[in-house]
Each structure stands twice: as C-alpha cells, then as structure tokens.
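Nothing in this text is a laboratory measurement; each read-out follows from the coordinates by a stated rule. Everything numeric in this text was worked out from a predicted model, so none of it was measured. Backbone-built Cβ (ideal geometry, glycine too); neighbour counts: all protein chains shown.
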There are 2 protein chains.
Amino acid sequence: MKVTIKDIAKICGVSAGTVDRALNNRVGISEKTRKKVLKVAEEMNYQPDYTARSLVMGKTMTIGVVLFDLYNRSFAQLLNAIEQKARDLGYFVYITLTDKDPENEKKCIDYLVSRKVDGIILFTVNKGKEFEAHLSKYHVPIITIFNYVSEKWEYIGIQERQAMKEAVDYLTSKNYQEFIYVSPPLAYLGKTNIYTQVERLNGFYEGLMVNNIQSKPIVLKNSEYIKDLDHINFSKDRKTAIVCSTDLYALEVMNYLKVKGFNIPEDIGVMGFDDIDMLKYITPRLTTVKYPIDEVGRKAVESMIHKIDNGTFLSPPLLDYEMIRGEST
Amino acid sequence: MKVTIKDIAKICGVSAGTVDRALNNRVGISEKTRKKVLKVAEEMNYQPDYTARSLVMGKTMTIGVVLFDLYNRSFAQLLNAIEQKARDLGYFVYITLTDKDPENEKKCIDYLVSRKVDGIILFTVNKGKEFEAHLSKYHVPIITIFNYVSEKWEYIGIQERQAMKEAVDYLTSKNYQEFIYVSPPLAYLGKTNIYTQVERLNGFYEGLMVNNIQSKPIVLKNSEYIKDLDHINFSKDRKTAIVCSTDLYALEVMNYLKVKGFNIPEDIGVMGFDDIDMLKYITPRLTTVKYPIDEVGRKAVESMIHKIDNGTFLSPPLLDYEMIRGEST
DNA sequence: ATGAAAGCGCTAACAT
DNA sequence: ATGTTAGCGCTTTCAT
C-alpha cells in the first residue's frame, strides 16, 4: 500500500540510512547505489512522509496565516501573494480564518503552534498586554501585518498616517473645504485592534491641521454610516468631500449618493483607500490610495523565511503607497 | 522550553500513557490523577504536538485544497466557505495554488499527499487518462469540484448546462434574437480541463435550439474578445444579447459598451454567470445566474469528512442555481 | 488504574 | 561507503 524507506531498503538490500542518503542527496554514498535506490523508489512510487520528517527535524516547511476572512478582496489578494511566494521558496501555507473573533483568533494561533508551523503571519484583532503575554508563550517567529501589536513583534505595512494625510493634501489642493470621514471600525476603538484605522484617522486629522481647514469634520464611526449620511445637510457653496477609510465604504457611499441623485464629484467628492482591483469596473473612477498589498504579503514571507533560515528578520522599511487620482474628487 | 507528555509524566510521578489517558479523555484512569495531570498540563502551558500524533495515528486532521488562484472573487469565497466548514468540524486547511499550470497542479497534489492530508478538494485544469492514472496512485479521498474529471472521482457542482439553457430561455422571452457568446477559456478546448465552460456553451446552444433561434450566434473564444467585439456590426432592428460565461467577462463587455456609447440594455443586452458579489456596486445591475459557490465548498467539506469518518462520500445531488433578473437585459 | 514497551517513518550520530 | 542505533512525541497494546 504505502511505500516507506524500509521497503526500499529491503528490496535494494541496503539499510534505511543509505536509502535516506540516496533520496536526499547526502554525501557518503556511491553513485551506483544511489542510482539503484532512486530507480526502485521511482518504480514503487515512493512518496516521502513529511509527517515523520517533520517530527524528527522539528520543522514542517509550513507557514501559518491568520486572517479575518477572505470576503474582503484585499485579503484574498494578500493570501494569494503569500502562497505564491511561499511555494516559490519551498514552503506550504496553512490558512486559518478568525471572523474577527478575538477568542477564535487565539485558538487559531494555538492550533498553528500545535501543528509546529515554522512561522506565523498574523493579521489580528487582538492587542494589549494579555494578548502579548499569550503570544510570548510561543517561540515561533511571528510577523504582524497591517494591525500593529507592539514593538516586540516584527511588523510590515505602510505609513498609513502619512498616506491619509497626503490624501487630505490632495483634496484641499482641489479646494475641498468640508470633510466627512467614514470609518465604521472605529466603533471598536479601545476594544479590538484597529491600528490601521486609527492611523488613517490620525492622518486625516493631521491633514486638516496642516492645511488649515477650520471647519470641523464629521466623523462617522459605525456601521450605520449610510443612515447617518442621510441626516447630513451637505453644504451648497463649500465643496464637500466624503473621505472613506476603505474603498468598500466608498463604494457604498457612491451607491447611496447616486440613488439620492447627487453627482460625483460635482456635488460631492468621494475618496477611498486601498485601490482594490474591482474599481476598474466602477464609474466614476474612485480617487484612492494604492496599498501595495501583494508586496506586503511577499515581504512578510521573505522576511519570515530569512528568520527561519538565518535567525533574523529582514525588517524591510514600511512600504510605499501611491495616490490614485480618479474622477470621484 | 517546549513541554511534552514526558515532562508532565515526570512531574506528576506517572507514566506517559497515563498522561495520554488524562489529556484525551480516555477510560481507565482515576478522576484524581486525571485532575492532577490536567492541572499540571495547564500550568506548564502544554501544547500537544500534532506532528507526532499524526505520525502514529496516520491522520492529520487536515484537508488539502487545490485551486487556480485567489484573484477570482468566487475562488476566494469558495475557500472561505471551505475553511469555515472545515474548522467547524475540527479540520485544518492546506491551500495550494496552481496558476492553472498543469504540471504545477500535479506537484501540488503530490505535496499534499506527502503531507498526509486526510482528503483533497480539487479544482483542476488537468484531465484525461494520464492525469487519472496519476490520481489513481493515491489512496487519499479526492473530491473534484466545478471541473469534472471522470466518474471515478466524486464531483460536486451545479447543472451548468441546464442553467445556461434557462438563461437563453429567459433572454428569448425578452425577445432577444441575435446572440453573441463570450468565453475565452474555450481557447483551451481539448488542451486543459474546461468542463464548466464547455457545459455552459452546450447549454447555450441547447437554449438556442429549443427556442428556435435561427440566427447563427457569434462565439468569441479567446482573450481578445473585446477586440473581436469591435469588429462586429450589431443589428439595429433585431435585439442583440451578449451572453458571457462569467460575470468578469460581462463586466469587461459592459465597460467596453459604455465607452462606445451603447446603452444597456436598450441597444444591447448583457448577461453574466456566477453572480459575484461585487455586482451590487455596478450599474446597471447585471442579469446573471447565481452559482451557490459557498454551498459547493461546504458540501465538499461535509462529504469529505463523512468519507474520512465513515468510508463513504455523502454524494449530494447537483446544487441549485438561480436566475438573477437584472437590468442589463 | 497504571506502567512498560513497542512503534509510526524518518533523520543523524556514531560505528565499521 | 554503508550499517547500526537512538530518538523525535505521541498512541496503543499488553502486562501487572
């Protein structure tokens, strides 16, 4: 049924050790026996048992990934990039999804540790001392992405704050004077890890400040933002921009504005963040910030494997973003 | 550093076997020692080594998934559904991506087998005798989805042909008389496995036949379909529908038509297939066929685990699709 | 109820 | 160059 090195050893009349030497290109074996072993292995359709190898080597050649879900387009893209890079470098990928549930998230990490993955890439909703204590129990290399946990863990992402600040620079350069900011996750402020969202918000405020915007912005911080929008009287004589912390919200906002008969950008400007790829099918083209999500995935894997092989992370600098000037502003 | 059952055994003054009995709720152990062992395990933050357990049990509690990529929205949704269901049932998911490369695909399957996954869910570009021979070498349960391989392997999907036939029924009921069919993957006909695409095309032809459409349809079978469209003179007096085998193509077609100044559906009708969720942000609402992709993922996992536990697949009947009557036709 | 011992398939250190 | 041995951490007989 299933072929092991012992079977091959018996047939070739050699020991298991020799079969191992042949199969794994180790030194200390004659070309003749190597050929013979390889031939027999081939004939018998031998498949190595990584489970056994992992046990003895203490390495699984596997990287665990913890994400919220795959519904968000960006996450799917991210995982795709991670898997590709990992496979390139000979690693496999365990994917675990948390549905943004903090307890679930910890459980996923525990599982991955039990599975002896060689490293974990973490996009987490957890944060704080308790969580850090939880992570500290493990000796597995961990890289956090997007949601920063603390300086104790490697982090890869972009300069979120700076990016959103530049977005405001751009909007003010186009004479927008009134601002509405949409970021539903802010409802979880202080409860779960919404680092990126907080950074973006801070960048937004910073942008208003340096550009001397006097008018106080309206900040919508919950999932009912469309309803909230409905209660707002948009200024007739001052240009208003709705700045959304994510393209998805921007799309919902545009749908709402269209239904209400507003013209974009003549009546109201809309700005997103992320530059998700479906934008190419949407009119008007959304103004947004391009988040190099594939690059984050690839860098995370590279850095992780460098850590596994050489003991140190690559610690790349924060990645570059790019303003995409669309027609919605 | 890392805690094993031996460590716990030593501390508790019992044997490894007893620790195992306590940890895994086996019989033949007193309540008192069980309590004690559990307490010590907890204190020492014991994490079982699944690698070792897998080796002895010959089971990994892992399901391998082979997909093209995650860029296609539907695949991401599918994987999400698979992971959720698997985790619900205590299984983990190995994801491998093939980029539609046949050789790569076989390699992914080999790897998964080496990792001793308990089952493999396969969305494949390979087909034919040679591939079947390759698959036959393994004793792992395999479920194919979307792209049918042969009756020798379990299959889960929808009645693609019937669905596309009904789409044509619907279009003729709306008085469309001229048809253009878009399905770039057909360029690979005879080369790789494009079962779903072929079925849809057949359903399309069948629909034309039963509805007595005399006019010969134009079938665009390559990735240059937008260019091809550009060379077509659309009928002025007879209603024309562009039927796309996938929503993605339909979106590209709509973009093209908009640029060219055609009104949808007044000048030309457009029909998609899949009902991907981003459609909610697109105007006009695309007429399409809803493919229950999450359900396919869940059923695949359920059936697989039933096979693992009880020796037989659940073999659910082909799943239901649903016509979504949008504004694009 | 508990302990001792064997073994899953492989690798690695030590002999020869 | 090759064989022998021990052992990775766990489960599972078989004794006691």
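If you take each beta carbon of peptide A:93-102 and count the beta carbons of other chains within 10 angstrom, what is the mean?
Working: counts 5, 5, 10, 5, 8, 1, 3, 0, 0, 0.
Average per residue, whole number: 4.
What average number of partner chain Cβ atoms lie no more than 10 Å from the Cβ of the residues making up B:107-120?
3
So for region A:5-48, averaging the separation of alpha carbon pairs under 8 Å that are six or more residues apart and normalising by length, what relative contact order in percent results? All intermediate terms of the calculation are to be shown ahead of the outcome.
Numbers: 36 pairs, mean separation 14.9, N = 44.
This gives 34 percent for region A:5-48.
How far is it, in nm, from the label point at A:GLU130 to the one at B:PHE234 when both lie 7 Å from their Cα along the line to the Cβ?
Placing both labels 7 Å along Cα→Cβ, they lie 6.0 nm apart.
Once the label point is placed 7 Å from Cα along Cβ, list for B:LYS39 the distances to the corresponding points in the other copies, in nm, shortest first.
6.5
Chain B: which residue's Cβ hugs the B-to-A rotation axis most tightly, distance rounded to whole Å?
B:ALA76, 2
Given R₀ = 45 Å, FRET efficiency for B:ASP99-A:MET44 by Cβ-Cβ distance, to 0.05?
0.90
Using DSSP to define loop residues, name the GluC sites (Glu not before Pro) in region B:17-48 whose beta-carbon has at most 13 other beta-carbon atoms within 10 Å.
For GluC sites (Glu not before Pro) across region B:17-48 that sit outside H, G, I, E and B with at most 13 neighbouring Cβ atoms in 10 Å, the list is empty.
Counting each DSSP H run of 4 or more residues in chain A as -39500 (n - 2.57), what helix-only mean residue ellipticity at 222 nm follows after dividing by all residues, to the nearest 500 deg cm²/dmol?
Here the helix-only value at 222 nm equals -13500 deg cm²/dmol.
Roughly speaking, what is the centre-to-centre gap between region A:155-181 and region B:202-230 when only Cα atoms are used, to the nearest Å?
47 Å
Using a label point 7 Å beyond Cα on the Cα-Cβ vector, give me the inter-copy distances for B:SER150 in nanometres, one decimal, shortest first.
5.9
Give a residue-ordered list of calculated ³J(HN,Hα) values for region B:323-329 (Karplus: 6.51 cos²θ - 1.76 cosθ + 1.60, θ = phi - 60°; whole Hz; x for Gly, Pro).
Once rounded to whole Hz, the list reads 6, 9, 8, x, 10, 8, 9.
Set the Förster radius R0 to 22 Å, insert the Cβ-Cβ distance between B:ASP169 and B:GLU295 as r into 1/(1 + (r/R0)^6), and round the FRET efficiency to 0.05.
Details: r = 23 Å, r/R0 = 1.06.
Result of the calculation: an efficiency of 0.40.
Residues of B:47-60, mean number of Cβ from any other protein chain within 10 Å of their own Cβ, rounded to a whole number?
Counting other chains' Cβ atoms within 10 Å and averaging over B:47-60 gives 5.
Assuming R0 = 60 Å, what is the FRET efficiency of B:LYS10 and B:ASN310, from their Cβ-Cβ distance, to the nearest 0.05?
0.90
With just the Cα atoms defining each centre, how far is region A:1-31 from region B:286-318? Give it in Å.
Rounded to whole Å, the Cα centres lie 41 Å apart.
Tell me whether region B:160-290 comes out rounded, prolate or oblate; compute the Cα gyration tensor, take square roots of the eigenvalues as a ≥ b ≥ c, and use a/c under 1.5 as the rounded threshold.
It comes out rounded by the Cα gyration axes.
Mean separation of Cα pairs under 8 Å and 6+ residues apart, divided by the residue count of region A:160-290: what relative contact order is that in percent?
Over region A:160-290, the number comes to 28 percent.
Cα centroids of region B:100-118 and region A:78-124: how far apart, whole angstrom?
Result: 19 Å between the Cα centres.
List, shortest first and in nm to one decimal, how far the label point of B:ARG238 (7 Å from Cα along Cα→Cβ) is from its counterparts in the other copies.
The answer, with the shortest distance listed first, is 6.0 nm.
How about region B:196-251: which trypsin sites (Lys or Arg not before Pro) there are in a DSSP loop, with at most 12 other Cβ atoms within 10 Å of their Cβ?
Answer by residue number: B:LYS236, B:ARG238.
Under a point-charge model restricted to the Cβ atoms of Lys and Arg (+1) and Asp and Glu (-1), what is the dipole moment magnitude of the protein assembly as shown relative to its Cα centre, in debye to the nearest 20?
Around 2260 debye, computed over the protein assembly as shown.
Once amide H atoms are placed 1.01 Å from N in the peptide plane, what residues at a sequence separation of 5 or more from A:LEU220, or on another chain, have their amide H within under 5 Å of its amide H?
Placed amide hydrogens put A:TYR181, A:VAL182, A:SER183 under 5 Å from A:LEU220.
List the GluC sites (Glu not before Pro) within region B:238-302 that fall in a DSSP loop (any state other than H, G, I, E or B) and whose Cβ has at most 10 other Cβ atoms within 10 Å.
Of the GluC sites (Glu not before Pro), the ones in loops of region B:238-302 whose Cβ has at most 10 other Cβ atoms within 10 Å are B:GLU266.
If amide H atoms are built 1.01 Å from N in the plane of the peptide, which residues on other chains or at least 5 residues away come under 5 Å of the amide H of B:LEU319?
The answer is B:GLY157, B:ILE158, B:GLN159.
Tell me whether the protein assembly as shown comes out rounded, prolate or oblate; compute the Cα gyration tensor, take square roots of the eigenvalues as a ≥ b ≥ c, and use a/c under 1.5 as the rounded threshold.
It comes out oblate by the Cα gyration axes.
With contacts defined as alpha carbon pairs under 8 Å and 6 or more residues apart, what's the relative contact order of region B:247-286 in percent? Walk me through the numbers before you get to the answer.
Values: 24 pairs, mean separation 17.3, N = 40.
Value for region B:247-286: 43 percent.
In the protein assembly as shown, with Lys and Arg counted as +1 and Asp and Glu as -1 at Cβ, which of these residues, A:SER15, A:ASN202, B:ILE120, has the Cα nearest the positive end of the dipole, that is, farthest along it?
Going by the Cα projections, it comes out as A:SER15.
Under unit Cβ charges (Lys, Arg +1; Asp, Glu -1), what dipole magnitude, rounded to 20 debye, does region B:77-151 have relative to its Cα centre?
140 debye
Grab the Cα-Cα distance for B:LYS216 and B:LEU189, subtract it from 0.36 nm times how many residues apart they are, and report the gain in nm with one decimal.
Once the chain is fully extended between B:LYS216 and B:LEU189, it gains 7.7 nm.
Could you rank the peptides B:313-321, A:280-288 by their average count of other C-beta atoms within 10 Å per residue, with the highest value first?
A:280-288, B:313-321
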